[in-house]
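A.B. asks: Submitted below is the structure of interest, expressed as structure tokens.
The values are calculated or read from the model by the stated rules, or taken from the named source; none is laboratory data. The shown structure was predicted, so the numbers you read here are calculated from the model rather than taken from an experiment. No Cβ is skipped: glycine too gets one built from the backbone with ideal geometry, and neighbour counts run over all protein chains shown.
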Amino acid sequence: MFKFNSYYLDDKIIPDRSFDVFFPEKITQKTALFFIHGGGWTNGSKTRYHQIMQAFGEKGYICATTDYRLLPIDGSGKLTAVDQLGDVRESYDAFVTLLKEKDIMPEIAVFGSSAGSHLASLLVCARPGECGEKCTLVNPWLETLCGLLQATPATFEPHPENYPAMWGMMERAAGGKYEEEPEKFRNISLCKYIRKENPPLFFMEAENEILFHGHYNRELLEKHLQWGINSQMKIYRYAEHGFFYGLTRPCQLEAFEDICTFVSRISAQNA
């Protein structure tokens with residue numbers, strides 16, 4: 001049995017600025033999980049994680065999953081990934097408030113996939129406002145326990161392996177053309193925020209990844225390991241881009257157990 005609620009960030013409801021929370025019948029884990037969905041910055045929904053959240057709930061985890069305002073597919077409008085980052089920061093902060101109101105000392109691990117992993121990586125590694133996002137936070141910023149990143153773009157700058165269709169999405173997310181405004185792309189690149197103060201990251205790479213190649217993240221991982229940060233990377237066989245939205249295939253079940261193991265290990269080290 002789970003307690004499930006939806007929460008909205010604004011008095012005048014903006015549907016995409018909202019998050020869902022699952023409370024298990026018995027909380028046995030001190031780490032809560034916060035999920036950010038993917039979808040090329042233009043589509044997707046927090047509901048895609050409900051099944052997975054129930055499974056984590058059965059293991060005693062409190063879970064939240066957030067939406068954020070989506071970018072128009074045709075590229076119209078002024079929203080960018082920076083605005084989306086502001087949305088997820090405010091959802092994360094509201095989740096912290098909710099936990100505190102229930103006398104739960106929050107310790108939160110953040111998971112994201114694809115575009116959601118991009119936003120998750122910036123939420124975890126960049127300081128509030130550092131990417132240019134505007135957000136109103138109620139609490140002093142609570143550093144995340146760790147980041148769980150599946151299909152993460154290490155950089156928003158062009159490289160030889162850019163997948164053409166994805167590059168168009170990345171330009172929409174950055175809000176411009178790289179040739180005209182390269183700083184916009186640098187400011188939302190994870191590589192810019194890799195430093196000694198980062199929490200541990202778990203890079204979860206698909207064997208059949210075609211959009212964001214894991215060897216760029218391996219370079220970031222090597223920096224963490226040199227600094228003594230307990231980050232890690234794993235490649236999942238027979239898995240494709242954005243594979244972790246269900247719990248039926250071997251690669252999905254393996255990823256589920258790996259997340260539990262990684263979060264437990266980092267939590268114990270952090271105690």
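A.B. asks: Find all pairs meeting these conditions: Cβ atoms under 6 angstrom apart; at least six residues apart or on different chains; first residue within the range 260-271 and closer than 12 Å to Phe202 by Cβ; second residue of a type in the set (Val, Ile, Thr).
C.D. replies: Pairs that qualify, where the first residue is closer than 12 Å to Phe202 by Cβ and the partner is of a type in the set (Val, Ile, Thr), are Val263/Thr31.
A.B. asks: Considering every residue within the range 193-203, establish whether at least one is assigned to a helix (DSSP H, G or I) and surrounded by fewer than 21 Cβ atoms within 10 Å (Cβ to Cβ).
C.D. replies: Just the residues of the range 193-203 that are assigned to a helix (DSSP H, G or I), to begin with: 193.
Restricting the remaining residues to those that are surrounded by fewer than 21 Cβ atoms within 10 Å (Cβ to Cβ) gives 193.
Within the range 193-203, one or more residues are assigned to a helix (DSSP H, G or I) and surrounded by fewer than 21 Cβ atoms within 10 Å (Cβ to Cβ).
A.B. asks: Please report, ordered by residue number, the strands (runs of 3 or more DSSP E) entirely within the range 27-119 with at least 1 residues that are in contact with a Pro (Cβ under 7 Å, 6 or more places away or on another chain). Working first, answer last.
C.D. replies: Details: elements: 32-36, 63-66, 108-113.
Where strands (runs of 3 or more DSSP E) fall fully within the range 27-119 and carry at least 1 residues being in contact with a Pro (Cβ under 7 Å, 6 or more places away or on another chain), they are 32-36.
A.B. asks: Looking only at the range 74-86, count how many residues are over 21 Å from Lys192 (Cα atoms) and surrounded by 24 or more Cβ atoms within 10 Å (Cβ to Cβ). Write out each step before concluding.
C.D. replies: In the first step, residues of the range 74-86 are kept if they are over 21 Å from Lys192 (Cα atoms); the result is 74-79.
With surrounded by 24 or more Cβ atoms within 10 Å (Cβ to Cβ) added as a condition, the list becomes none.
Summing the residues that are over 21 Å from Lys192 (Cα atoms) and surrounded by 24 or more Cβ atoms within 10 Å (Cβ to Cβ) in the range 74-86 gives 0.
A.B. asks: Which condition does Glu207 not pass, out of (1) over 18 Å from the mean Cα position of the chain (by Cα); (2) surrounded by fewer than 20 Cβ atoms within 10 Å (Cβ to Cβ); (3) at pLDDT below 95, if it passes all the others?
C.D. replies: Going through the list (1) over 18 Å from the mean Cα position of the chain (by Cα); (2) surrounded by fewer than 20 Cβ atoms within 10 Å (Cβ to Cβ); (3) at pLDDT below 95, Glu207 breaks only (3).
One line per residue, one yes/no per condition, for (1) farther than 24 Å from Leu247 by Cα; (2) modelled with pLDDT under 95:
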position	(1), (2)
Thr65	no, no
Ala81	yes, no
Phe95	yes, no
Leu98	yes, no
Met105	yes, yes
Ala115	no, no
Ala126	yes, no
Glu133	yes, no
Leu149	no, no
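A.B. asks: Could I ask something else about it? Residue check: is Ser45 closer than 30 Å to Tyr163 by Cβ, surrounded by fewer than 23 Cβ atoms within 10 Å (Cβ to Cβ) and either of a type in the set (S, T, N, Q) or touching a Lys or Arg at 6+ places or on another chain (Cβ under 9 Å) (or both)?
C.D. replies: yes
A.B. asks: Between Thr155, Thr144, Thr136, which is in a loop (DSSP other than H, G, I, E, B), in contact with a strand residue (DSSP E or B) (Cβ under 6 Å, 6 or more places away or on another chain) and of a type outside the set (Phe, Trp, Tyr)? First the steps, then the outcome.
C.D. replies: On the way: Thr155 fails: in contact with a strand residue (DSSP E or B) (Cβ under 6 Å, 6 or more places away or on another chain); Thr136 fails: in contact with a strand residue (DSSP E or B) (Cβ under 6 Å, 6 or more places away or on another chain).
None of the others qualify; the one that does is Thr144.
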